[in-house]
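Accompanying notes for the structure given below.
The values are calculated or read from the model by the stated rules, or taken from the named source; none is laboratory data. All figures in this text were calculated on a predicted structure; none of them were measured in a lab. For neighbour counting, all protein chains shown are included, and Cβ atoms are generated from backbone atoms with ideal geometry for every residue, glycine included. SASA here: full protein model, heavy atoms, side chains in, ligands and nucleic acids out. Shrake-Rupley method; radii C 1.70, N 1.55, O 1.52, S 1.80 Å.
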Amino acid sequence: MTPETTWQKISAYLSGDLTEAERVIFESWLKESEENRYLFRDAKKIWDSSGIKLQIPDAATEAELVRFYDRAERENAPGRIIPLFLRENWWQIAASIIVVLMGAYILWPSRSIHPPRQEEIAYHAGNEVLTVYLPDSTRVWLNRNSSLSYSKDFNASRKVKLQGEGYFQVRKDASRPFEVSTRTTAAVVLGTSFNVKEEDSLTTLTVAEGKVRFSSIEAEGIQPVVVTHNEQATFSGDTKSLRKSSNRNRHFASWRKHYNPIYEREKKYSAYYLATRYNWRKNAINQSVIDGRIVNRSSLATYTDIVLTVTYSRSGGPRHTTEVVIRQPVKPGQTIDYRRRLLDIFTDTSFLHVQVKSAEIADDEY
């Protein structure tokens, strides 16, 4: 979650305004790291002591929904941009209050929202794939029974140690190279995505994007190699050899999706991870035209066959519902545009609403 989203979700959780699916996702986020739990505990202390008392109507009731549609029908003329969410995010106000209070809280000399300082910070993936966010926003997936560690001065050095297998999406910083070291090798990058697998005496580097400088820290006289997209390099501790070749396995990082609770949530709650923003208008033949944009906010899931539910009506008339399907795949972090037309030529449409209903999981390279 981004910092802004984090405050919003904490506020909504503390006020009981999350849906069941959102609550499950939030509580899973709490379990992902000790730092998340520290952040939540300190935010809750501020929440409890701030005296915030909000009385909120139940926005999920049918009456609230009817009132919303009626108001939207009066206020939303054709061509008006429709907000991304149905409900008024009243708790964003509360989140803003928490942000202000948290700022004061952080600057207070005797308190901190972070875990106590340690000489080394370590993560270990047990029987499930573990997702780790480093202080520079680099994201790391650790395969089962793999470990990652770094020193408390990470922001100055950007160096980590890996045991096992990890996939890295490195935040680009031209002034600070990022280094991953194993028992026998080192990989140095500025900003890219790659996989490192240490197995017995063999270490394999596979690059998804960008360039990685790969070298041996065990054997003298072996020249480093630069590995790029669709290439891999291996170092053998037995033969003391470093080789580079083409990568013929496009599923080299698919392990991230197995035994991964986050990916399971992304498959189950696809509508939660897909957001749509749109506007609509009537064209020359009185047909409603929807111009929209879909954003995939998942970490691993690529979605396709996205089903959108469109509700529309004329002023004072009954509401009609139809569905449109977006076939184009949307990868994690990707945004796509779409345009769809309704068969409402003979209807003086005055209200229109679009929301994501469901989506299928698509197979992709990584």
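What about Ile217, is it surrounded by fewer than 16 Cβ atoms within 10 Å (Cβ to Cβ), farther than 19 Å from Phe194 by Cβ, among the aliphatic types (A, V, I, L, M) and touching a residue at least 12 places away in the same chain (Cβ under 8 Å)? Walk me through it before giving the result.
Details: surrounded by fewer than 16 Cβ atoms within 10 Å (Cβ to Cβ): yes; farther than 19 Å from Phe194 by Cβ: no; among the aliphatic types (A, V, I, L, M): yes; touching a residue at least 12 places away in the same chain (Cβ under 8 Å): yes.
No, not satisfied.
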Is it the case that segment 277-284 has a residue that's at negative phi, among the aliphatic types (A, V, I, L, M) and open to solvent by less than 20 Å² (accessible area, probe 1.4 Å)? no
Provide a single number: the residues in segment 126-149 that are open to solvent by 70 Å² or more (accessible area, probe 1.4 Å) and of a type in the set (Ser, Thr, Tyr). 1
Which pairs do you get when a residue that is of a type in the set (Lys, Arg), found in segment 303-327, comes within reach of a residue that is open to solvent by 20 Å² or more (accessible area, probe 1.4 Å) and outside any strand (DSSP E or B), reach meaning Cβ atoms under 7 angstrom, with the pair 6+ apart or on two chains? Arg314/Thr347; Arg314/Asp348
Qualifying residues in segment 6-55 (those that are within 25 Å of Ile121 (Cα to Cα), in a helix (DSSP H, G or I) and among the polar types (S, T, N, Q)) - the one modelled with the lowest pLDDT: Thr6
Ser315 vs (1) at pLDDT 95 or above; (2) open to solvent by 50 Å² or more (accessible area, probe 1.4 Å); (3) of a type in the set (Gly, Ala, Ser): all pass except (1)
When you look at Thr335, is it among the β-branched types (Val, Ile, Thr) and open to solvent by 50 Å² or more (accessible area, probe 1.4 Å), yes or no? yes
Search segment 123-146 for residues that are farther than 17 Å from Leu30 by Cα and pair each with any residue that is assigned to a loop (DSSP other than H, G, I, E, B) and of a type in the set (Asp, Glu) when their beta-carbon atoms are under 7 Å apart and the residues are at least 6 apart or on different chains. Asp136/Asp173; Arg144/Glu128
Residues Lys152, Lys197: which one is touching a residue at least 24 places away in the same chain (Cβ under 8 Å) and surrounded by fewer than 16 Cβ atoms within 10 Å (Cβ to Cβ)? Lys152
Can you name every residue in segment 310-328 that is within 24 Å of the chain's Cα centre (by Cα) and among the polar types (S, T, N, Q)? Gln328
